[in-house]
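Reviewing the structure listed below.
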């Protein structure tokens, strides 16, 4: 009885929506089927569990990513999709790498196991080591001279700022308020400064810094950045056992990074551990005060060079309409992750939602007019490589804007890559002709929190590979939750940080968008084709 009343009310709301946006039909009956399957029979958490707890970290070109890609192909085939495969970029990425053992602890003045993560693409210790911690202070190349011949077998720590004097007490997790969403609805489009750019971090145009040339702190940071590779090479030449780096984060959270190049021709960097702020500062305080600090460590990492090419996962639900089946609707998210956690919010969440969306459509027996294609990208974290090469191979090369036949056949690409938060709306990327379409499609989901349409763009993720060659590529607006404060690229990016209700909601909305895009009489409107970038910028996919 209650379910029938709910269904009736949903149909009524959707019917009113179709009247309000008469120019853009909304299929209320199909939305009801999608909602029933997506919200009450979801498999999204099982998909995410396999991607994270079962398969583990998915650093690009690592054995973990390959296992996860093979699993995704198998799972998509089990849903009834076809042409599921690992598809080569047609380009080299570089070395694979993984952590096989990681242990580090203070042993003097007392025992304490520390939170520390090997930087990506760095070497191990070649077995257990013990050594004294030495503080190295070097602002210039000349400063390094005094350490020559004194660091062999030592564990090196550098000067680093501590925690803020007064720690802020605030909730990690946050959602958009209705007021903020209303403001976003009214914002005018402001073009981004450049195509591409980021690697999964939200913010993009809004987060760009400018006018920092005279900032002393910024200048000091730039000098330190220039010195970093010089110091690393010097320490390696001195046969240092391990380098300790202070990781960004607090309360045991470590936001990890890479410590060396993944190119197959690059020299292997020495062992380097990114350490929690609290452990790093404890060691630093002791050494500064003149106390002897000794540590032990056993770090094993392995490089893989047998397969240097990059791969994406792709699969399809074939179109059935004689005139429209050659046209394509795409969904995707990046599948690669960092290695400190299991890549749950970045971006098993987006990948699981997209797999769940196509599963929903198959489960309700939908036979699309246009072909539906899902892609799970790799190499996003290193520069959107997977999606950029895919777009170059199938649609157009951004370098010269020579269009390929499939360019005219893609209706839209939908992306998800800003954490576990529920969908609150969609960014238009300046494609303002789509506003009334997406407003109509979102209206039936206002009761579960999605209704905003923002003319602007979000930060560097895979929809920009499409937008950069004049194709309709869109990223959904998502609640931030604790993505930037706790999970993005950190050791806290695990299954436990996923919000089940949010992922169910997101998959349901994506499935509805895909359905309506496939059924729509016309393809999604496009912006004017961009001009090719200057010749010197055309090689933006280098390593």
Considering only residues that are touching a strand residue (DSSP E or B) at 6+ places or on another chain (Cβ under 8 Å) and either surrounded by fewer than 23 Cβ atoms within 10 Å (Cβ to Cβ) or on the phi > 0 side of the Ramachandran plot (or both), which ones fall in region 486-501? 488, 489
Find the residue count for region 237-285, including only residues that are in contact with a helix residue (DSSP H, G or I) (Cβ under 7 Å, 6 or more places away or on another chain), surrounded by fewer than 19 Cβ atoms within 10 Å (Cβ to Cβ) and within 17 Å of residue 99 (Cα to Cα). 0
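Going by the structure shown, is residue 240 at pLDDT 95 or above and in a helix (DSSP H, G or I)? Show your work before the answer.
Working: at pLDDT 95 or above: yes; in a helix (DSSP H, G or I): no.
The answer is no for residue 240.
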Test of understanding: among 361, 384, which residue is in contact with a helix residue (DSSP H, G or I) (Cβ under 7 Å, 6 or more places away or on another chain), under 12 Å from residue 81 (Cα atoms) and crowded, with 24+ Cβ neighbours inside 10 Å? 361
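Just give me the residues in region 256-280 being assigned to a strand (DSSP E or B) and modelled with pLDDT of 95 or more, in sequence order.
Step one: list which residues in region 256-280 are assigned to a strand (DSSP E or B), which gives 258, 269, 272-275.
272, 273, 274, 275 - these are the residues of region 256-280 that are assigned to a strand (DSSP E or B) and modelled with pLDDT of 95 or more.
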Considering only residues that are in contact with a strand residue (DSSP E or B) (Cβ under 9 Å, 6 or more places away or on another chain) and assigned to a helix (DSSP H, G or I), which ones fall in region 126-146? 143, 144
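For region 154-166, which positions are at pLDDT below 95, under 29 Å from residue 108 (Cα atoms) and either part of a loop (DSSP other than H, G, I, E, B) or outside the structural domain of residue 296 (by TED's automatic domain parsing) (or both)? Full working, then the answer.
Let us first name the residues in region 154-166 that are at pLDDT below 95, namely 158-166.
Cutting the leftovers down to under 29 Å from residue 108 (Cα atoms) gives us 158-165.
Selection gives 159, 160, 161, 162, 163, 164, 165.
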So, of the residues in region 176-196 that are surrounded by 14 or more Cβ atoms within 10 Å (Cβ to Cβ) and within 16 Å of residue 531 (Cβ to Cβ), which turns out to be modelled with the lowest pLDDT? 196
Filtering region 283-311 down to residues that are part of a loop (DSSP other than H, G, I, E, B) and within 30 Å of residue 387 (Cβ to Cβ) yields 305, 306, 307, 308
Give 47, 115 a once-over and let me know the one that is out of contact with any strand residue (DSSP E or B) (no Cβ under 6 Å at 6 or more places or on another chain), more than 26 Å from residue 504 (Cβ to Cβ) and either modelled with pLDDT of 95 or more or surrounded by 13 or more Cβ atoms within 10 Å (Cβ to Cβ) (or both). 115
Sort out which residues of region 459-482 are assigned to a loop (DSSP other than H, G, I, E, B), surrounded by 21 or more Cβ atoms within 10 Å (Cβ to Cβ) and more than 17 Å from the chain's Cα centre (by Cα), and write them in order of number. 468, 469, 471, 472
Residue check: is residue 234 surrounded by 12 or more Cβ atoms within 10 Å (Cβ to Cβ), at pLDDT 65 or above and in the same structural domain as residue 284 (by TED's automatic domain parsing)? yes
In region 522-540, what residues are buried (at least 16 other Cβ atoms within 10 Å of the Cβ), over 16 Å from residue 402 (Cβ atoms) and at pLDDT below 90? 540
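May I ask you to verify whether residue 456 is outside any loop (DSSP other than H, G, I, E, B), assigned by TED's automatic domain parsing to the domain that holds residue 408 and modelled with pLDDT under 95? Lay out the reasoning, then the answer.
Details: outside any loop (DSSP other than H, G, I, E, B): no; assigned by TED's automatic domain parsing to the domain that holds residue 408: yes; modelled with pLDDT under 95: yes.
Spelling it out, it is not the case that residue 456 is outside any loop (DSSP other than H, G, I, E, B), assigned by TED's automatic domain parsing to the domain that holds residue 408 and modelled with pLDDT under 95.
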Quick check: anything in region 92-99 within 28 Å of residue 519 (Cα to Cα) and in contact with a helix residue (DSSP H, G or I) (Cβ under 9 Å, 6 or more places away or on another chain)? no
Quick test of your reading of the structure: residue 212 fulfils all but one of (1) touching a helix residue (DSSP H, G or I) at 6+ places or on another chain (Cβ under 7 Å); (2) part of a loop (DSSP other than H, G, I, E, B); (3) modelled with pLDDT of 65 or more. Name the failing condition by number. (3)
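Considering every residue within region 65-76, establish whether at least one is farther than 23 Å from residue 247 by Cβ and assigned by TED's automatic domain parsing to the domain that holds residue 236. Outline the logic, then answer.
First, the residues of region 65-76 that are farther than 23 Å from residue 247 by Cβ: 66-76.
Applying the additional criterion that residues be assigned by TED's automatic domain parsing to the domain that holds residue 236 yields none.
So far as region 65-76 goes, no, none of its residues is farther than 23 Å from residue 247 by Cβ and assigned by TED's automatic domain parsing to the domain that holds residue 236.
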Of the numbered conditions (1) over 33 Å from the mean Cα position of the chain (by Cα); (2) closer than 19 Å to residue 237 by Cβ, residue 128 satisfies every one except a single condition; which is it? (2)
Residue in region 25-40 that is surrounded by fewer than 20 Cβ atoms within 10 Å (Cβ to Cβ), within 20 Å of the chain's Cα centre (by Cα) and modelled with pLDDT of 95 or more present: no
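Here are some residues: 227, 222, 218. Which one is surrounded by 15 or more Cβ atoms within 10 Å (Cβ to Cβ), over 25 Å from residue 98 (Cα atoms) and modelled with pLDDT under 95? Steps first, answer last, please.
Working: 222 fails: surrounded by 15 or more Cβ atoms within 10 Å (Cβ to Cβ); 218 fails: surrounded by 15 or more Cβ atoms within 10 Å (Cβ to Cβ).
One residue alone meets the criteria, 227.
The values are calculated or read from the model by the stated rules, or taken from the named source; none is laboratory data. From a predicted model like this one, the values you see are computed outputs, not experimental measurements. With ideal geometry, Cβ positions are generated from the backbone for all residues, glycine too; neighbour counts draw on all protein chains shown.
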